[in-house]
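Below is one structure, written out as structure tokens; comments come after it.
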Ligand SMILES: [Fe+2]
Ligand SMILES: [Fe+2]
């Protein structure tokens with residue numbers, strides 16, 4: 001994947017910084033969803049598979065962003081990734097929906113900011129579409145949770 005328009009130095013640095021934030025947010029989501037997959041699998045394997053599938057999407061997103069940082073001449077850098085690892089199923093889903101909400105807001109704003117970068121824009125649009133699916137899936141699951149499941 002190439003960046004179609006060579007940005008000037010200030011713009012390049014700004015884009016790299018944005019991609020670093022994205023990459024680290026994706027790490028956080030990947031780890032949180034894997035923790036949740038492990039925590040729920042024996043109780044609810046369908047939800048466990050849903051967490052795993054979302055985690056694999058987020059892992060792919062990490063690499064989209066790290067590869068793009070490389071292509072722009074940056075060096076991917078890692079931060080801390082705080083995760084909400086336990087609680088009831090409802091607690092986990094709420095924490096995950098919050099991450100997906102943040103992701104949707106972040107990528108929607110970036111679509112505006114990257115109108116001059118066609119390929120990056122297309123990449124963010126594709127990632128945003130995945131986040132919308134995760135948000136809908138987790139929200140639907142939370143809505144379907146019975147009182148009993150909520151107390152687990
Ligand atoms: Fe993601
Ligand atoms: Fe997501």
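The values are calculated or read from the model by the stated rules, or taken from the named source; none is laboratory data. The shown structure was predicted, so the numbers you read here are calculated from the model rather than taken from an experiment. Heads up, the Cβs are rebuilt from the backbone with ideal geometry, glycines too, and the neighbour counts pull from every protein chain shown.
Before moving on, here are some points about what is shown:
- Residue that is farthest from residue 134 (Cα to Cα), among those in the range 83-99 that are in contact (Cβ under 8 Å) with a residue 40 or more places away in the chain and within 14 Å of the chain's Cα centre (by Cα): 83
- Whenever a residue of the range 54-67 is under 20 Å from residue 16 (Cβ atoms), its partners that are modelled with pLDDT under 95, lying with C-beta atoms within less than 9 angstrom and at least six residues away or across chains, give the pairs 64/1; 67/1.
- In this entry, residue 79 is excluded by the filter for residues that are away from ligand 2 (no atom under 14 Å from the Cβ) and at pLDDT below 95.
- Considering the range 43-149, the qualifying helices (runs of 4 or more DSSP H), each wholly inside and each with 2 or more residues that are more than 16 Å from ligand 1 (Cβ to nearest atom) and buried (at least 18 other Cβ atoms within 10 Å of the Cβ), run over 89-113.
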